[in-house]
Every structure is written in structure tokens, then in C-alpha cells.
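The values are calculated or read from the model by the stated rules, or taken from the named source; none is laboratory data. Everything numeric here is computed off the predicted structure, so don't read it as measured data. So basically every Cβ, Gly included, is an ideal-geometry build from the backbone, and we count neighbours across all protein chains shown.
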Amino acid sequence: MANDNTAFRTKSEPAKSEVTTPTKVVDKGGVQDTKVEVPYTDYENTNHHPYTVDHFKLGDAWKEKFGGFEKEVTLIENYFKQEIDRGQLKNEVGAVKEKMEKIYKLCGIDKTERTTMQIEKLSAYLEFLKKTDQISLNHEKYSH
């Protein structure tokens, strides 16, 4: 006797989906662009000042000759760019924020401290790291 429970499969095609590209959203208020975060290394070109200036809310005062933070901001920016170039850090503002928070904890920098103290401590620590990295590089270079 033949089994009547035999089912035959028919070829089925997957449902076709429409491929769309991101577009501007239009509503009654006008056109809204979704803002894409720029890579950390492009932040200064896009915003006309380094990320550190925005992080510490320094405004235009950071470049002043007396009382400004140009030296410290440059040191901080160079450290993070170097870490990105070496492949130690993602080229994202979020990654830099995260790394900065870890450094704050490591150094005991309190976010409630005056901004000047935070910048001074952070730049001093990063300068220390830069010097110790240079010692290690020189040791590797000349130890053979």
C-alpha cells in the first residue's frame, strides 16, 4: 500500500525586498538631516577646533596667550591621534571619550573639579605616558 501522506515540495522564491538608500527625512517642519559622527581625526577640520575644546567646554578661550590651554589641548589631541595611528584606539569620538573616562579613574581626576585642574592633570598624565613610551621605544631600538 502506498502512503497518502506524501507531500511534494514546490520551489519557493524568497520575497523580493526593495533596496533603499538613506535619504533626508521630510516632515511638515522641513528637511531633517541625520547627523553622522565624523571620525576623531577629522573632528578639528569639521568643527574648526579640536574635540578637547568641546569636551571641556572651553569655547574660544583655549587659544588665548595668557590663561589659555593651547599647549595642553595640543598634547591631549596628539596623544589620542597617536593612539589611533598605532591602532590602539578606534578612530571615533566615542572611543576617545571612553578612553578619557578610564584615564580619569586611573588618575583620580574628579569630574566635579575645576576644568583647569582636569586639563592640567590629564595633560600631565598623557605627557608622562608619552615619555615612558619613548623610553620603551628607545630601549627596543638600541638594546640589540
query = What do you reckon, is residue 112 surrounded by fewer than 18 Cβ atoms within 10 Å (Cβ to Cβ) and in a loop (DSSP other than H, G, I, E, B)?
reply = yes
Criterion violated by residue 45 - all others in (1) in contact with a Phe, Trp or Tyr (Cβ under 9 Å, 6 or more places away or on another chain); (2) modelled with pLDDT of 85 or more; (3) in a helix (DSSP H, G or I) satisfied = (1)
task = Answer yes if at least one residue in the stretch 132-140 is surrounded by fewer than 10 Cβ atoms within 10 Å (Cβ to Cβ), over 19 Å from the mean Cα position of the chain (by Cα) and either under 18 Å from residue 55 (Cα atoms) or among the charged types (D, E, K, R) (or both), and no otherwise.
result = yes
query = within 30 Å of residue 133 (Cα to Cα), at pLDDT 55 or above and not in a loop (DSSP other than H, G, I, E, B) - does that describe any residue in the stretch 7-30?
reply = no
